[in-house]
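Student: My questions all concern the structure below.
No value in this document is a laboratory result; all are computed from the given coordinates. Here the structure is a predicted model, which is why all the values come from computation and not from measurement. Here the Cβ is made from the backbone with ideal geometry for all residues, glycine too, and neighbour counts use every protein chain on show.
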Amino acid sequence: RLDPLVQAEEIFPANCDGRDEEDGPGGLAAVCETVRRSGVDERAREVLIAISNRNILSMLSLYMEGVRRAGVRHSVVVTLDSATTKHVQQHGGVTLAHEHVLRAKGGGTDGHSTSGLKFRLLVPWLKVGCNVLLSDVDVVYLRDPFQSSPPLLHRDSDVEAMTDGWSDETAYGWHMALLAASEPSADDGEALRTPQQAADAAAAAHTLLATWSVGSGGGGGGGGGGDSAA
């Protein structure tokens, strides 16, 4: 990490007085409070984050149960409406809710409409110094992704990403072409599909997520879940 947003010697969580609009209700003070409640380790500063709305509560329940069984200690769901916040509070177990109302451009609340919101929603967590593992809700954890032995994260880059690909070629998003579709498809050569992304609290990660959020339709309050295209 060449340019961390929060230095190792700084108090964590940091920048808790930030009040930018992108930081959500309560600003960074609210994010810092959730970080403290989650008990994020001050040295590793790692937290698992998923984003969900009321459309996928049954799937969210399975996700949170998997997180609990895998022994993940620092888990947060960024909720996009009050119904989802209440659901996480009642059924989340170790997983905490952090409400940040944001709506995709056009007002849609389906997974495709809101998948791009996650990049913008992660920015406040990087600002306070968290190293974030962003997860789709349709992911099942069998082990703690933050475990150190054996390590499941490389931790050698500002951003790590996992794709749905099953080989070197498909990991780059060219699976439809490799399947030799007889007719051109809108899915041919689609962008990387990323059920999981790990972003360190570094300037490079912040810039990348901010760029993605502009290109993927983040706008003003509601929605989402499911697979995502980065």
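Student: Please pull out the direction-averaged projected area of the stretch 54-95, using the convex hull of its alpha-carbon atoms, in nm² to one decimal place. Could the numbers behind the result be given before it?
Tutor: Values: hull surface 10.2 nm².
Dividing the Cα hull surface by four gives the mean projection, 2.5 nm².
Student: Under 1.5 on a/c is rounded, so check that first for the stretch 73-128, then, if it is not, pick prolate when a/b is larger than b/c and oblate when it is not; a ≥ b ≥ c are the square roots of the alpha carbon gyration tensor eigenvalues.
Tutor: Numbers: a/c = 2.39, a/b = 1.33, b/c = 1.80.
Oblate.
Student: Let me ask something additional. Taking only the Cα atoms of the stretch 32-110, how large is their convex hull per residue, in Å³? Please list the in-between numbers first.
Tutor: Details: hull volume 7.4 nm³, N = 79.
Per residue, the Cα convex hull of the stretch 32-110 comes to 93 Å³.
Student: State the Cα centre-to-centre distance between the stretch 147-170 and the stretch 90-143 in whole Å.
Tutor: Comparing the Cα centres of the stretch 147-170 and the stretch 90-143, I get a distance of 19 Å.
Student: Identify the residues of the stretch 63-104 with backbone N under 19 Å of a label point that sits 7 angstrom from the Cα of ALA29 along the Cα-to-Cβ direction, or state none.
Tutor: 98-101
Student: Taking a label point 7 Å from the Cα of SER58 along the Cα→Cβ vector, which residues of the stretch 93-110 have an amide N closer than 19 Å to it?
Tutor: 110
Student: Using alpha carbon centroids, what distance separates the stretch 8-33 and the stretch 37-84, in Å?
Tutor: 19 Å
Student: What does the extension gain come out to for ARG73 and TRP166, with contour length at 0.36 nm per residue minus their alpha carbon separation? Walk me through the numbers before you get to the answer.
Tutor: Numbers: separation 93, 0.36 × 93 = 33.48 nm, distance 2.93 nm.
The ARG73-TRP166 span can extend by a further 30.6 nm.
Student: Would you please name the GluC sites (Glu not before Pro) within the stretch 1-90 that are DSSP coil residues with at most 15 other C-beta atoms within 10 Å of their C-beta?
Tutor: Taking the stretch 1-90 and a limit of 15 other Cβ atoms within 10 Å, the loop GluC sites (Glu not before Pro) found are GLU9, GLU10, GLU42.
Student: Counting Lys +1, Arg +1, Asp -1, Glu -1, what net charge surrounds VAL67 among other residues with beta carbon under 14 Å of its beta carbon?
Tutor: On the way: positive: ARG68, ARG69, ARG73, ARG143; negative: GLU46, GLU65, ASP136, ASP138, ASP144.
For residues surrounding VAL67, the net value is -1.
Student: Show which lysines lie in cross-link reach of LYS127 when reach means a straight Cα distance below 25 angstrom and same-chain residues fewer than eight apart are skipped.
Tutor: Answer for LYS127, where 25 Å is the Cα cut-off: LYS105, LYS118, listed by chain and number.
Student: Taking every alpha carbon pair in the stretch 1-144, what does the distance histogram look like in 5 angstrom bins from 0, in percent?
Tutor: 2, 10, 20, 23, 21, 14, 7, 2, 0
Student: Please name which of VAL76, PRO4, MET59 has its Cα lying farthest along the dipole of the stretch 1-114 towards the positive end, using unit charges on Cβ (Lys, Arg +1; Asp, Glu -1) and the Cα centre as origin.
Tutor: Working it through, the farthest residue towards the positive pole turns out to be MET59.
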